[in-house]
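Here the structure comes first, spelled out in structure tokens, and everything after it is commentary.
The values are calculated or read from the model by the stated rules, or taken from the named source; none is laboratory data. Since this is a predicted model, take the numbers as computed values, not measurements. Neighbour counts are summed over all protein chains in view; Cβ atoms, including those assigned to glycine, are modelled from backbone coordinates with ideal geometry. Just the protein is used for accessible areas: all its heavy atoms, side chains included, with ligands, DNA and RNA removed. Shrake-Rupley method; radii C 1.70, N 1.55, O 1.52, S 1.80 Å.
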Amino acid sequence: MLTLTLGGGKAHPLSRAMIAALHGAISAAQHDTLVRVIVIDGPGSIFCAGHDLKEIARHRADADQGRAYLTDLFDSCAALMLEITNSSRPVIAQVEGIATASGLQLVAACDLAIAADSARFCLPGITRGGFCTTPGVAVARAVSRKHLMELLLSGENRGAVWALNAGLVNEVVAPDALAARVAEVATQLAARITPVSQAGIAATKAHLDLSLADAYALATREMIEHFMDDRLQAQDKTSRFAAG
């Protein structure tokens, strides 16, 4: 299990440096045979407060009023979210406090999310005269349209039970049980992850955006490769001998 603990102070903002560090670590994990599960942890009362608004403000003084910086920032953030979404290693968000704006985007991009009952979830852009457009991309793929629009149009905090019912998180536990529960789930997953299942995870993620016919075509090709894999064939023989 690889645990990536967000830093950068109490709010754990997604600064340009934070995005680069996360992207690099998750990308490297795809080629590390020792890593089977990734956990993203934002400890404390704020899981992640979204982009670093102070960093953004500093670039308003640039000759182009920050356009080049913003283009790089949001392109890099989108690339990070895609890396998480497409990871062949399951990614678990460990959410103790509030996940807001692109911090909620980070949670939604993960495969699983386990939250403390103290956790809160928010897309506050509309309350500040803006709109959480890019965070909505990830959230839209985790919840229904009505739940998405409730977050986007209200800009208000929603609690952990709401997030569970909406599909944003998989489990809600007491704060003092959060770390142990995440470790338990990650350990269980790690014991089941093999090169075959990693290929299956990648194929599953790839077919989600395809038509039904194309999804079956992709999944069928991958399923054939699963059964042709020498390791799976050896396991089948072992299972037959044990059953006999």
Classified through the alpha carbon gyration tensor (a ≥ b ≥ c as square roots of its eigenvalues; rounded if a/c is under 1.5, else prolate when a/b is larger than b/c, else oblate), the range 102-146 comes out oblate
Residue-normalised value, i.e. accessible area per residue, for the range 131-195 at 1.4 Å probe, in Å², stands at 54
Expected max-MSF residue from Ala191, Ala78, Ala166 in the GNM of the chain (alpha carbon, under 10 Å) is Ala191
Bridge orientation stat for the chain from DSSP, antiparallel percent rounded to 5, came to 10
Projected onto the charge dipole of the range 69-149 (unit charges on the beta-carbon of Lys, Arg, Asp and Glu, signs +1, +1, -1, -1), the Cα from Asn86, Phe74, Gly130 with the largest positive-side position is that of Gly130
The chain, Gaussian network, Cα under 10 Å: of Gly50, Gly42, Gly125, the residue fluctuating most is Gly125
Between Gln65 and Ala140, the FRET efficiency computed from the C-beta separation at R0 = 45 Å comes out, to the nearest 0.05, as 0.95
Note on the range 35-155: contact order normalised by length, alpha-carbon pairs under 8 Å, 6 or more apart, percent, works out to 27
The set of residues whose placed amide H lies less than 5 Å from the amide H of Ile40, leaving out same-chain residues fewer than 5 positions away, is Leu4, Ile92, Ala93, Gln94
So for R0 = 22 Å, FRET eff. of Leu208-Phe74 from the Cβ-Cβ r, to 0.05, ends up at 0.45
What helix-only [θ] at 222 nm does the chain give? Using -39500 (n - 2.57) per DSSP H run of at least 4, over all residues, to the nearest 500, the answer is -16500 deg cm²/dmol
Computed about the Cα centre, the charge dipole of the chain from +1 Lys/Arg and -1 Asp/Glu charges at the Cβ has a magnitude in debye, to the nearest 20, of 260
For the chain, the accessible surface attributable to carbon and sulfur atoms (probe 1.4 angstrom, ligands and nucleic acids excluded) amounts in percent to 58
Averaged per residue, the 1.4 Å probe accessible area of the range 11-72, protein heavy atoms only, in Å², is roughly 52
Rounded to the angstrom and largest first, Cα extents along the principal axes for the range 1-116 equal 46, 31, 19
Checking Ala61, Ala215, Ala190 against a Gaussian network model of the chain (alpha-carbon springs below 10 Å), the top fluctuating residue turns out to be Ala61
Magnitude of the Cβ-charge dipole (Lys and Arg +1, Asp and Glu -1) of the range 55-199 about the Cα centre, nearest 20 debye, reported as 300
